[in-house]
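This report concerns only the one structure given below.
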Amino acid sequence: MLRREKCVCCANDEAEVLYVKNGFEICRCRECGHIFVADPLAIDTAKLYTGEFFDNVYGNYDQRADVYRKTFKNYLKIIQHYVQTGNLLELGCGFGHFLDVCRGSFRAIGMDLADQALMQARAHGHNAIQGDYLDRSFSEPFNVIVMWDFIEHIPKPDEILMKACGNWFRVGISF
Ligand SMILES: [Zn+2]
């Protein structure tokens, strides 16, 4: 079945409906092949990304913290190949495992929607703020903005990336 739905990657407006999951049509762009949820603004992300989300999707998320930190240390090495220090923003910071490994390297701020995740991040001493990045302004730009396993969860990935470009210092990098 064909659907008129604008692709965020190439702006083509013809998509093929592949299947329906939880009442949402999953579509594939006929031009570039990008697969996406039709009408993503109908998703209530505040209800979806609760504390239970982390355990339901990742298993016992906090018990695997050491595994995540090991991975994030490798990510940090890659970042520091380009930028060694400065202001860093993590969108979708979860429990703050990446913020943990940034200690001593970056002045890091985390953002997330999930109460339980933010409580954990703050309990580890992180500056973790709740809210939608698109609604938030920051007094200083960032040297680095990271979005680990984030972009595929949000309704407006194109707007997030556009805003991230505007929130950098003159030269910035997004992971
Ligand atoms: Zn496309």
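Things worth noting here:
- Among the residues of region 1-32, those that are modelled with pLDDT of 85 or more, closer than 26 Å to residue 91 by Cα and in a loop (DSSP other than H, G, I, E, B) comprise 6, 7, 8, 9, 10, 11.
- Among (1) aliphatic (A, V, I, L, M); (2) surrounded by 14 or more Cβ atoms within 10 Å (Cβ to Cβ); (3) under 24 Å from residue 135 (Cβ atoms), the one test that residue 26 misses: (3)
- One residue from 142, 72 being in contact (Cβ under 8 Å) with a residue 60 or more places away in the chain, of a type in the set (Phe, Trp, Tyr) and buried (at least 17 other Cβ atoms within 10 Å of the Cβ): 72
- Residue among 72, 36 that is within 16 Å of the ligand (Cβ to nearest atom), at pLDDT 90 or above and of a type in the set (Phe, Trp, Tyr): 36
- Residues in region 121-164 that are more than 12 Å from the chain's Cα centre (by Cα), under 16 Å from residue 102 (Cβ atoms) and not in a loop (DSSP other than H, G, I, E, B): 121, 122, 127, 128, 129, 142, 143, 144.
- Residue among 114, 164 that alone is within 24 Å of residue 80 (Cβ to Cβ) and modelled with pLDDT under 90: 164
The values are calculated or read from the model by the stated rules, or taken from the named source; none is laboratory data. Predicted model, so just to flag it, every value in this text is computed and none were measured. Note that we place each Cβ from the backbone using ideal geometry, even for glycine, and neighbour counts take in every protein chain shown.
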